[in-house]
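The values are calculated or read from the model by the stated rules, or taken from the named source; none is laboratory data. Here the structure is a predicted model, which means the values were calculated and not measured. Cβ coordinates were reconstructed from backbone atoms using ideal geometry, including for glycine residues, and neighbour counts include every protein chain displayed. What goes into the accessible areas is simple: the full protein's heavy atoms, side chains included, and nothing from ligands, DNA or RNA. Shrake-Rupley method; radii C 1.70, N 1.55, O 1.52, S 1.80 Å.
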Amino acid sequence: MANELVSPYMAHIFGCTNDRKGERQSCADNNSQALKDRLKEAVHEKGWKGKVGISTSGCMGLCAKGANVLIYPQQIWFSETRPEDAETILAALETIVESC
């Protein structure tokens with residue numbers, strides 16, 4: 001039986017790492033795994049572990065705008081991201097963490 005719970009995170013980052021192996025454009029084309037890894041490392045470094053979740057997601061449906069990153073439940077969507085955009089995403093996340 002399913003148990004309905006409240007999320008333990010104030011924010012949860014979902015980073016698409018879908019890879020279509022060159023058949024069509026996908027988030028992996030913009031090195032989305034490296035971006036997700038950098039975000040995860042930064043969350044740990046900033047002491048946000050347990051407050052901010054980081055998960056790999058499958059396709060979010062906007063592959064042409066990838067790599068895509070979603071911060072939920074705040075509904076903040078970043079598109080056309082690359083690993084060097086981690087600081088921009090972290091700045092948005094910092095605003096969330098500080099306000100809670």
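Across region 1-35, what is the number of residues that are in contact with a helix residue (DSSP H, G or I) (Cβ under 6 Å, 6 or more places away or on another chain) and over 21 Å from G50 (Cβ atoms)?
9
Could you please find all residues in region 20-42 being surrounded by 14 or more Cβ atoms within 10 Å (Cβ to Cβ) and without any contact (Cβ under 8 Å) to a residue 12 or more places away in the chain?
Passing the criteria: only D37.
Could you list, in sequence order, all residues of region 43-59 that are part of a loop (DSSP other than H, G, I, E, B) and open to solvent by 80 Å² or more (accessible area, probe 1.4 Å)?
Let us first name the residues in region 43-59 that are part of a loop (DSSP other than H, G, I, E, B), namely 46-48, 50-51, 58-59.
Once the filter is applied, which keeps residues that are part of a loop (DSSP other than H, G, I, E, B) and open to solvent by 80 Å² or more (accessible area, probe 1.4 Å), region 43-59 yields K46, K51.
Among what's in region 60-100 and is open to solvent by less than 70 Å² (accessible area, probe 1.4 Å) and part of a loop (DSSP other than H, G, I, E, B), pick the residue that is farthest from C27 (Cα to Cα).
Q74
Spot the failing condition for C27; the list is (1) of a type outside the set (F, W, Y); (2) modelled with pLDDT of 95 or more; (3) touching a strand residue (DSSP E or B) at 6+ places or on another chain (Cβ under 6 Å), and only one is missed.
Condition not satisfied by C27: (2).
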